[in-house]
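The values are calculated or read from the model by the stated rules, or taken from the named source; none is laboratory data. Bear in mind that the values here come from a model prediction, so they are computed numbers and not experimental data. Please note: Cβ atoms are built from the backbone with ideal geometry, for glycine as well, and neighbour counts cover all protein chains shown. Heavy atoms of the whole protein, side chains included, go into the accessibility calculation; ligands, DNA and RNA do not. Shrake-Rupley method; radii C 1.70, N 1.55, O 1.52, S 1.80 Å.
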Amino acid sequence: MLEVSGIVVRYEDTAALDGMDLTVLDGERAVVMGPSGSGKSTLLRVIAGLEVPDDGTVRWNGRYLDDVPPHRRGFGLMFQDYALFPHRDVGRNVAYGLEMQGLPRDEIARRVADTLDLVGLPGAERRAVATLSGGEQQRVALARTLAPGPSLVLLDEPLGSLDRTLRDRLLTDMPAIFDRLGSTVVYVTHDREEAFAIGHRITVVEGGKPVAHGTAADLWRRPPSRFVASFLGLENVFDVTTHHDVATTGWLAIPVPASHPRPVAIAIPPEHIVIDPAGDLEGTVVEARFRGGSYLVRVAVADGADGAELTVDTRDAPPPGTPVRLRIDPDAVALLAR
Amino acid sequence: MRRSPFALRLLAVLPIAFLGYFFVYPLARISILALAPRGAPDLTVFIDVLRDPDLVGVAWFTLWQAALSTSITLVVGFPAAYVFAHYRFPGKTFLRALMTIPFVLPTLVVGAAFVALVGPGGALGIDLQGTITAIVVAHVFYNVPVIVRGVGSFWEQLDPQVTDAARTLGAGPLSVFRTVTAPLLAPAVVSSTALVFLFTFTSFGVILVLGGFRNATIEVEIWRQTTAFLRLDVAAALSLLQLGFLTAVLAAYNRYQERRAVGIRLRTGASSARRPRSRTGRTVAVGIVAATSALLLTPLAVLVGRSFVTADGLGIGNYTGLGERTTALFVPPLEAVVNSVRLAVAATVLAVAVGIVAAATIAYVRGPLARGVDLLLMLPLAASAVTIGFGLLVSMGTPIDLRRSLLLIPIAHALVAIPFVVRSALPVLRAIRPRLREAAMVLGASPGRAWWTVDAPLAARAFAVGTAFAFAVSVGEFGATAFLARPAAPTLPVAIFRLLGQPGAETTGRAMALSVILMALTALAVLAIEAARGGAVEEL
């Protein structure tokens, strides 16, 4: 189990990490998600031992790692731009960590071959690093990280620079590989899709500290704050005013428990708004965008709405200008802290 | 591949004609002198040279002093390169600028500075003139910046993630250095070391001043055979032997670089250098920076100090006396300053004109023509300045008699300076996207107009750097000038050499004053270079 607590890293005047906590169970894939500059990469460097924090501790299976240099931690770190050794071919890149363990030659060769198989590059040992495509480099970097059998795998935006098709394929390949090896993983990304596909649990960081934590479904359904909601790309996020435990937007009123922190914001998932002649909210279609399978329709809310627009997920799109009535499922409305 | 337009290929004529007549032709004359002195092939001179124990001794000395100087330079320069690449510290910019100076500091100024430091009555109180120690120390001073800049700047740009990756894969600090840093750094170390070896192997001015009568390199011997013994055939044979050896070294070096070439991705932009974090790190860094600064500054400071020491105490007598005739020169020393500046202006114009046309040829013309010009231009680097001077001396009588021409010295200087101009201009000319020129032509500019209105302004800074380099090289050039300067019209380095050769505190004082003036002239050029460089070369 990895326990990171209270990590602070300052560069000159700015703090890259400012009280970062993270717990990862054995065999778990934890995703750390945040906008660029939120300190995600620095966190991985601290865990790997490449960065000495100004404050805070890192524990692995209960043992403090402060005095353990990076090469004795037995963790694997895959860098954002791969950092392959330009003077070694593919096989010798993957062999590097095994050589450092002092394994016999034939065993190294065998494990290099196995690992290249695992990442889908069988027989690539003799190829020069410079001749690899982006996707191949990514696979070699992953193989190099996994070959020594690290007890913890750290990945820093590993799919960041790949094109969409390749990314989608690796998004299904990588969890399968980790499952097969039973790896414990910390995966850093700014991308929602990657986070949802990889992570058993997700930690959202902002300004060098965690601001949300949970499974993908939890965070999507009940984002704890307005920042998290908009970072996850939730639609229909509104600030609301509260009177006596009732939140109102002018066109919608929902109860707020007394214990919920004020001020309050709400998020309404587009799939929980239905175009229904019996609905009690009036509006006009502004625009409809096909996104494969369904349409996202923007509807301008009619009265007392200050130009509010709702995004609705629907199978059929009425043309722009069509008056519609909407029904909102009050149970699906998420209450957020502002 | 499409051939380049004829007009563009015509550009190549200027550099080929210039180098052909003033470099290749003289080399041919040297070869004839050495291999066929009486018109028919005759190897006796060659064989005599190889059998002469004195000359074999000279060659042996040349080799081992170069090897020794190079090794010590590497040992001294490497830690400084590390500190420069990895740490930020106060005064770094200043020290970096200081590192440029030895590149262009004239050898005679270095010689004079070390006479002031470790010569008779020198600041350190020990007389090392005429010893190998003085030579090696001067060589180390002169060449440490080559290592620091060559290795340090490359090291700074190595992606630190690559070494980080090795650490997370289980490599300790020593393993990381052995398996990752050293192999990646090797090409930079080898090329800087080769450069230092080349410089010290062909050392001329420093040895002439500090080596005394016993220690002579091949360069010094060529000069002696020519001027003292009038044995042009022996000098020619020595030139050829040295040229052959240097070409072999360069060829081996080229093969190594091609074999080692790996696609190393260098980081551009922000440097990751920062202040040392641990106390030991800080102490070591401060120590290395202090030692390097002392090595670079002490000789120059002592030189300036010595120039103010006169027979009646401290004063400016050595400077005011520069207007008077001395027995060492036929003219007042001050005239040498005027001569040098005039010649340098002429040499700079020549070098910049030929150099920029050559750089344009290499940058824009496709195919073997460009590669040929590129190779031809680098040849003067393999030949030494002494060979250039000697070659012009023995060849410029026919077919056109240029021996009395005022342009002979500027031509020699331009040959030495052209590679600097080309190396400054070429990367920028190559970096300018052809799209920009095409846009200009679509908007109605003729090809020449397009170049003049787009490329020229974008490359102006690089041209300025090349110009300042050419001036600095010319004003301090000694190896070729020693063969070509007329006694009645000495250049600054020639005058310093003659004054240092005469005994007496007064002439030595004058030599120091002239050296300070020469140093100031080159320092001005360095300031111009640093100012013109401003920002780094960017993709344009």
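Between B:VAL190, B:VAL140, which is open to solvent by less than 30 Å² (accessible area, probe 1.4 Å), of a type outside the set (S, T, N, Q) and either facing chain A (nearest Cβ under 10 Å) or under 30 Å from B:THR217 (Cβ atoms) (or both)?
B:VAL140
Exactly one of these conditions fails for B:ALA488: (1) closer than 30 Å to B:SER31 by Cα; (2) open to solvent by 50 Å² or more (accessible area, probe 1.4 Å); (3) of a type in the set (Gly, Ala, Ser). Give me its number.
Every condition holds for B:ALA488 apart from (1).
Need the failing condition index for A:ARG10 against (1) open to solvent by 20 Å² or more (accessible area, probe 1.4 Å); (2) free of Cβ contacts under 8 Å to residues at least 60 places away in the same chain; (3) assigned to a loop (DSSP other than H, G, I, E, B), just the number.
Of the numbered conditions (1) open to solvent by 20 Å² or more (accessible area, probe 1.4 Å); (2) free of Cβ contacts under 8 Å to residues at least 60 places away in the same chain; (3) assigned to a loop (DSSP other than H, G, I, E, B), the odd one out for A:ARG10 is (3).
Please determine, by comparing only the residues of the range A:224-263 that are within 18 Å of A:MET33 (Cβ to Cβ) and touching a Leu at 6+ places or on another chain (Cβ under 6 Å), which one is most open to solvent (accessible area, probe 1.4 Å).
Our first condition is that a residue be within 18 Å of A:MET33 (Cβ to Cβ); within the range A:224-263, this holds for A:224-234, A:237.
Narrowing further to those that are touching a Leu at 6+ places or on another chain (Cβ under 6 Å): A:225-226, A:229.
Details: A:SER225: 25, A:ARG226: 81, A:ALA229: 0 Å².
Across the range A:224-263, the extreme among qualifying residues is A:ARG226.
Would you check which residues across the range A:183-196 are over 11 Å from A:ALA30 (Cα atoms) and either open to solvent by 40 Å² or more (accessible area, probe 1.4 Å) or touching a Phe, Trp or Tyr at 6+ places or on another chain (Cβ under 8 Å) (or both) and list them?
Hits for the range A:183-196 are A:HIS190, A:ARG192, A:GLU193, A:GLU194.
Just to confirm my filter: which helices (runs of 4 or more DSSP H) fall fully inside the range B:100-171 and include at least 3 residues that are under 28 Å from the mean Cα position of the chain (by Cα) and of a type outside the set (A, V, I, L, M)?
B:107-118, B:132-157
Being crowded, with 18+ Cβ neighbours inside 10 Å and either free of Cβ contacts under 8 Å to residues at least 24 places away in the same chain or within 14 Å of chain B (Cβ to nearest Cβ) (or both) is the requirement here; does A:ALA128 meet it?
Judged against the criteria, A:ALA128 is not a match.
Select from the range A:207-223 the residues that are in a loop (DSSP other than H, G, I, E, B) and over 16 Å from A:LEU336 (Cα atoms) and write down the one among them that is least open to solvent (accessible area, probe 1.4 Å).
The residue in question is A:GLY208.
Residues checked against (1) closer than 28 Å to B:LEU375 by Cβ; (2) at pLDDT below 90; (3) open to solvent by 40 Å² or more (accessible area, probe 1.4 Å); (4) of a type in the set (A, V, I, L, M, F, W, C):
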site	(1), (2), (3), (4)
B:TYR21	yes, no, yes, no
B:VAL49	no, yes, no, yes
B:VAL58	no, no, no, yes
B:ALA66	yes, no, no, yes
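Answer yes if at least one residue in the range B:419-434 is without any contact (Cβ under 8 Å) to a residue 40 or more places away in the chain and over 28 Å from B:SER203 (Cα atoms), and no otherwise.
yes
I'm trying to understand the selection: among the residues of the range B:435-468, which are touching a residue at least 60 places away in the same chain (Cβ under 8 Å) and open to solvent by less than 20 Å² (accessible area, probe 1.4 Å)?
B:ALA462, B:VAL465, B:GLY466, B:ALA468
Confirm whether B:ILE147 is surrounded by 14 or more Cβ atoms within 10 Å (Cβ to Cβ), at pLDDT 90 or above and either under 18 Å from B:THR200 (Cα atoms) or of a type in the set (Ser, Thr, Tyr) (or both).
yes
Of the residues that make up the range B:156-166, is at least one away from every other protein chain (no Cβ under 14 Å) and either closer than 21 Å to B:GLN65 by Cα or polar (S, T, N, Q) (or both)?
no
Would you say B:THR227 is within 19 Å of B:GLY111 (Cβ to Cβ) and open to solvent by 10 Å² or more (accessible area, probe 1.4 Å)? Before you say what the answer is, go through the steps one by one.
Working: within 19 Å of B:GLY111 (Cβ to Cβ): yes; open to solvent by 10 Å² or more (accessible area, probe 1.4 Å): yes.
For B:THR227, the condition - within 19 Å of B:GLY111 (Cβ to Cβ) and open to solvent by 10 Å² or more (accessible area, probe 1.4 Å) - is met.
List the strands (runs of 3 or more DSSP E) inside the range A:18-106, counting only whole elements, that have at least 3 residues being more than 10 Å from chain B (Cβ to nearest Cβ) and open to solvent by less than 20 Å² (accessible area, probe 1.4 Å).
Where strands (runs of 3 or more DSSP E) fall fully within the range A:18-106 and carry at least 3 residues being more than 10 Å from chain B (Cβ to nearest Cβ) and open to solvent by less than 20 Å² (accessible area, probe 1.4 Å), they are A:29-33.
Residue under question is B:GLY152, and the condition is that it be of a type outside the set (S, T, N, Q) and open to solvent by less than 10 Å² (accessible area, probe 1.4 Å); does it hold?
Numbers: of a type outside the set (S, T, N, Q): yes; open to solvent by less than 10 Å² (accessible area, probe 1.4 Å): yes.
Yes.
List pairs: first residue in the range B:492-511 and of a type outside the set (A, V, I, L, M, F, W, C), second residue surrounded by 21 or more Cβ atoms within 10 Å (Cβ to Cβ) and not in a helix (DSSP H, G or I) anywhere in the structure, Cβ distance under 6 angstrom, at least six positions apart or on different chains.
B:PRO493/B:PRO106; B:PRO493/B:PHE478
Considering B:ARG282, B:ARG275, B:ARG267, which residue is at pLDDT below 90 and in contact with a strand residue (DSSP E or B) (Cβ under 7 Å, 6 or more places away or on another chain)?
B:ARG275
Among the helices (runs of 4 or more DSSP H) confined wholly to the range B:1-63, which include 2 or more residues that are over 25 Å from the mean Cα position of the chain (by Cα)? It would help to see each step written out before you state the result.
Numbers: elements: B:6-10, B:13-19, B:25-35, B:44-51.
Fully inside the range B:1-63 and qualifying: B:6-10, B:25-35, B:44-51.
Against the definition (open to solvent by less than 10 Å² (accessible area, probe 1.4 Å), in a strand (DSSP E or B), touching a helix residue (DSSP H, G or I) at 6+ places or on another chain (Cβ under 9 Å) and at pLDDT 90 or above), how does A:VAL204 come out, yes or no?
yes
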